[in-house]
Amino acid sequence: QVQLVESGGGLVQAGGSLRLSCAASGRMGCLGWFRQAPGKEREFVAAISWSVGSTSYADSVKGRFTISRDNAKNTVYLQMNSLKPEDTAVYYCAARVGSILYTQAGRYNYWGQGTQVTVSS
């Protein structure tokens, strides 16, 4: 059983930045970030493979968000710049055993508890 613990959420003004962290208790093939706004479905944000560091991003965050990893710390980060009010959501860290960077939430085996990100206009 892999434990995922997110941190780094908070309240920020539009145009600002936040960095989310996800500490994993074990090494997985791939780790991703998803988000869910009130009344909406959970959506893919970004994913990264542990081994080679390949990445995938949702079109809505390309050029603004960057996912990275620190293998020594078993931690993945999501640097979020130029934040917009529509980025407001609960952000979840997720991990899967395989290394393919799926965008579907159902492909991920383990989930964190989520961290709130609120962007004010």
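The values are calculated or read from the model by the stated rules, or taken from the named source; none is laboratory data. The shown structure was predicted, so the numbers you read here are calculated from the model rather than taken from an experiment. Don't worry about glycine lacking a Cβ; one is built from the backbone with ideal geometry, like all the others, and counts go over all protein chains shown. We work out accessible area using only protein heavy atoms, side chains counted, and drop any ligands, DNA or RNA first. Shrake-Rupley method; radii C 1.70, N 1.55, O 1.52, S 1.80 Å.
Brief remarks on what is shown
- Some residue of segment 53-68 being under 15 Å from V12 (Cβ atoms), of a type outside the set (F, W, Y), surrounded by fewer than 21 Cβ atoms within 10 Å (Cβ to Cβ) and within 15 Å of the chain's Cα centre (by Cα): yes
- Of the candidates Q36, Q1, Q79, the single residue that is modelled with pLDDT under 95 and open to solvent by 50 Å² or more (accessible area, probe 1.4 Å) is Q1.
- Reported count of residues in segment 82-95, each being open to solvent by 30 Å² or more (accessible area, probe 1.4 Å) and closer than 20 Å to A23 by Cβ, is 2.
- Of all the residues in segment 101-121, those that are under 20 Å from A23 (Cα atoms), among the hydrophobic types (A, V, I, L, M, F, W, C) and either modelled with pLDDT under 95 or open to solvent by less than 50 Å² (accessible area, probe 1.4 Å) (or both) number 3.
- Flag if G16 is part of a loop (DSSP other than H, G, I, E, B) and either over 16 Å from Q104 (Cβ atoms) or in contact with a Ser or Thr (Cβ under 9 Å, 6 or more places away or on another chain) (or both): yes
- Close pairs (6 angstrom Cβ cut-off, 6 or more residues apart or separate chains): closer than 16 Å to A24 by Cβ in segment 98-121, of a type in the set (D, E, K, R) and surrounded by 12 or more Cβ atoms within 10 Å (Cβ to Cβ) anywhere: Y108/R96; N109/R96; G112/E6; T115/E6
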